[in-house]
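The values are calculated or read from the model by the stated rules, or taken from the named source; none is laboratory data. Quick caveat: nothing in here was measured; it's all calculated off a predicted structure. Here the Cβ positions follow ideal geometry from the backbone for every residue, glycine too, while neighbour counts run over all protein chains shown.
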Ligand SMILES: *Cc1c(COP(=O)(O)O)cnc(C)c1O
């Protein structure tokens, strides 16, 4: 598609990418080809030497004692809950404004999600509503077991409040960090903020491979052993010693080899994403409603999501699209309104913030290869698109 250039700026040579995987690949293509070549040479496509090598590097990166690489972020969530024995009769508390995998893995294990509303400024689970989630679970005769805190758009959830509540109620915390690997808070890096952390290496996530992949992190050695066993069909001492029900949840050796190369440049990419996010916040803070980042927290900025008035959102998306700026809606429907999840408990009848966010959010291009000129162009286009319409939504 041809993009028109605003007067007085350089002609636009190529359309802006929402996530630019090509620019990143160009930078490390040679290294990736050699890494894949080594796997082709040794031929250990399943659980080859790159898998433990990646795991050691992931542990080093985030400071977690144990990393277990998995076939996807969804498998990481599933295996983490299987390792903790989640099953029928259990209630798992999670936010309603999230990606489907968070809720799906709970239901697959026969447990029930209890959907909680989110904070309108951080988009993450509202910790103040956790006590009411326990009440909702108990009312249905469910045993509250755990909280899944989702770090939406790369911003870690409020683990301070969540962990202290979980401690009082004897719940454990699973961090769904599919979007936040690489982020950090005052309490430490993502990977160390819950009893267990699950992340995703889906290509468009902050650290992505060239297919599906994910990982589990924990400091608990026995939990790590159980998760490793579940990943390999519940394997015990050897391949055909099956000590528990497991799954095929391994990462491919080729994906591990690719991730080792991507991890080398990941810290630098995170810094560049932070620069992009700061430029957006400076340029758009008075134009749309930007999310707020708590002091001491550095998000991973897997996406940059703002709020605009609901009646203008589609029009704005169309205008931005016409000038070559792609946008996405993460997410158009809260989980408790999805056909598959409508009958699970929620805290209260309405989850007002989650419902409103679904009508107001819009995600802008975000990646480490977004040129300063493109950012300026995006900020200008968003500004002019909002000026044609109403005000940003009220607080
Ligand atoms: C992407 C994502 C997942 C699932 O990860 P996959 O690797 O795609 O299976 C889970 N939770 C959240 C919040 C995600 O964004």
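Residues that are more than 15 Å from the ligand (Cβ to nearest atom) and touching a helix residue (DSSP H, G or I) at 6+ places or on another chain (Cβ under 7 Å) were ranked within the range 55-81; the one that is farthest from residue 234 (Cα to Cα) is 61. Within the set 127, 137, the sole residue that is touching a helix residue (DSSP H, G or I) at 6+ places or on another chain (Cβ under 6 Å) and away from the ligand (no atom under 11 Å from the Cβ) turns out to be 127.
Restricting 187, 168 to residues that are within 21 Å of the chain's Cα centre (by Cα), surrounded by fewer than 19 Cβ atoms within 10 Å (Cβ to Cβ), free of Cβ contacts under 8 Å to residues at least 40 places away in the same chain and farther than 30 Å from residue 32 by Cα narrows the list to 187. A single entry from 41, 75 fulfils the requirement of being crowded, with 23+ Cβ neighbours inside 10 Å and either farther than 30 Å from residue 321 by Cα or at pLDDT below 95 (or both): 75.
Every condition in (1) part of a helix (DSSP H, G or I); (2) touching a helix residue (DSSP H, G or I) at 6+ places or on another chain (Cβ under 9 Å); (3) in contact (Cβ under 8 Å) with a residue 60 or more places away in the chain holds for residue 369 except the one numbered (1).
When 193, 174, 207, 223 are checked against the criterion of being modelled with pLDDT of 95 or more and more than 15 Å from the chain's Cα centre (by Cα), a single residue qualifies: 223. Residues in the range 95-123 that are surrounded by 23 or more Cβ atoms within 10 Å (Cβ to Cβ) and within 19 Å of residue 356 (Cβ to Cβ): 95, 96, 97, 98, 115, 116, 117, 118, 123. Of the residues 108, 40, the single one that is within 14 Å of the ligand (Cβ to nearest atom) and free of Cβ contacts under 8 Å to residues at least 40 places away in the same chain is 108. Here residue 313 meets the list (1) in a helix (DSSP H, G or I); (2) without any contact (Cβ under 8 Å) to a residue 40 or more places away in the chain almost entirely, failing just condition (2).
Within the range 140-158, the presence of at least one residue that is under 23 Å from residue 341 (Cα atoms), out of contact with any strand residue (DSSP E or B) (no Cβ under 6 Å at 6 or more places or on another chain) and more than 16 Å from the ligand (Cβ to nearest atom) is confirmed. Confirm whether residue 210 is in a loop (DSSP other than H, G, I, E, B) and exposed (fewer than 15 other Cβ atoms within 10 Å of the Cβ). Against the criterion (in a loop (DSSP other than H, G, I, E, B) and exposed (fewer than 15 other Cβ atoms within 10 Å of the Cβ)), residue 210 does not qualify.
Within the range 209-231, the set of residues being more than 13 Å from the ligand (Cβ to nearest atom), in contact (Cβ under 8 Å) with a residue 40 or more places away in the chain and touching a strand residue (DSSP E or B) at 6+ places or on another chain (Cβ under 8 Å) comprises 217, 218, 219, 220, 221, 223, 224, 227, 228, 231. Residues that are without any contact (Cβ under 8 Å) to a residue 24 or more places away in the chain, over 30 Å from residue 375 (Cα atoms) and assigned to a loop (DSSP other than H, G, I, E, B) are absent from the range 272-288 altogether. Taking residue 254, is it over 20 Å from the mean Cα position of the chain (by Cα) and touching a residue at least 60 places away in the same chain (Cβ under 8 Å)? Here the answer is yes, as residue 254 does meet what is asked. The one condition from (1) near the ligand (Cβ under 10 Å from one of its atoms); (2) within 21 Å of residue 366 (Cα to Cα); (3) in contact with a strand residue (DSSP E or B) (Cβ under 7 Å, 6 or more places away or on another chain) that residue 198 does not meet is (2). Among the residues making up the range 179-195, a single one is part of a strand (DSSP E or B) and in contact with a strand residue (DSSP E or B) (Cβ under 7 Å, 6 or more places away or on another chain): 184.
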